[in-house]
Amino acid sequence: MEYRVLGISGSPVRGGNVETFLNKMLESIAQPNVSTEVVHLSGTNISECIHCNFCLSRQEEGKYCSLKDDAQKVFEKVEAADIIILSSPVYFMRTSAHMAAFIDRLRVFVFGNLVQGRLRNKIGVSSAVSWLRNGGVETTHLSHLYAFMTLEMIPASIHKGVSPLGASALASSEGCGVFDPSVRAGILEDDAGLESAKAIMERALELAGIIKKYDDFYRRSHRHSDNP
């Protein structure tokens, strides 16, 4: 089976801990049948949702929202993916501003007259990087998980790991909060965090495989029932 994995980074920092952690997550499932792509929200022009309700009745192919920005390109990447990773830094006990704005724009897949439900049964993975051990990783995961559930996606979770809610990493040594200017990507020293990332991505692939097998079975059974 072929799998398409889309990582979405909500960090304003390029080459930092969130990007490094997200890349490690994707590398952990590197295999010929898995294609991966990363979207950096900081490199896009995606405005906040203005709740104009255009998406309720006026969507058409190539135009899911009234706002003229970069969101449509990302909508189409999300729609084509089997696994979607929302990856954010923790700055204030929640997901980042970039990510929050993007999540609000995903309402086009909840209410849209054309694309309503198109993210249903896709696999969602939450990823969060915090400077402090108890700095808001799980509340950040909840921001992402609420989005997955609203979109009728299937969140990937694991008991074996730092948190069952998502891939979790600490950017300072053991989450102590001490700054070391010589360390660019502290998450690389967080072995438990890296293991949690690998484990949850393996679980995401497992879930995506189950969904694909079911979809294939469903299509074949309905094809036979339509042609007795």
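Below are the figures for this structure:
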item	result
Radius 12 Å from Cβ of PHE54, net charge of other residues (Lys, Arg +1; Asp, Glu -1)	+4
Cα coordinate range in the stretch 3-226, projected on the principal axes (Å, largest first)	62, 40, 27
Charge context of GLU27, other residues only, Cβ under 14 angstrom, K/R +1, D/E -1	-2
Å³ per residue enclosed by the Cα convex hull of the stretch 136-214	99
Crossing angle, helix 17-27 versus the chain [Cα axis fit, 0-90 degrees, rounded to tens]	50
HIS51, HIS141, HIS98, HIS40 arranged by Cβ crowding within 10 Å, fewest neighbours leading	HIS51, HIS40, HIS98, HIS141
Charge dipole of the chain about the Cα centre (unit charges at C-beta), most positive-ward option of GLY112, LEU151, LEU67	GLY112
Angle in degrees between helix 191-226 and the longest Cα principal axis of the chain, rounded to the nearest 10	0
Of the GluC sites (Glu not before Pro) in the stretch 114-212, those whose Cβ has at most 16 other Cβ within 10 Å and which sit in DSSP loop	GLU152
Among VAL78, VAL18, VAL34: highest mean-square fluctuation, GNM of the chain, C-alpha pairs under 10 Å	VAL34
Cα Rg, Dmax (largest Cα-Cα span) when computed across the stretch 46-130, Å	13.2, 40
Cβ-based net charge around ALA185, under 14 Å, with every Lys or Arg adding one and every Asp or Glu removing one	-3
For the chain, size of Cβ-based charge dipole, Lys and Arg +1, Asp and Glu -1, in debye	540
Structure-based [θ]222 nm, the chain - -39500 (n - 2.57) summed over DSSP H runs of at least 4, per residue, nearest 500	-12000 deg cm²/dmol
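Each reported figure results from applying straightforward, stated rules to the coordinates on display, with no laboratory input. As the structure is a computational prediction, the values presented were derived from the model and not from experiment. Using ideal geometry, Cβ is built from the backbone for each residue, glycine included, and neighbour counts are taken over all protein chains shown.
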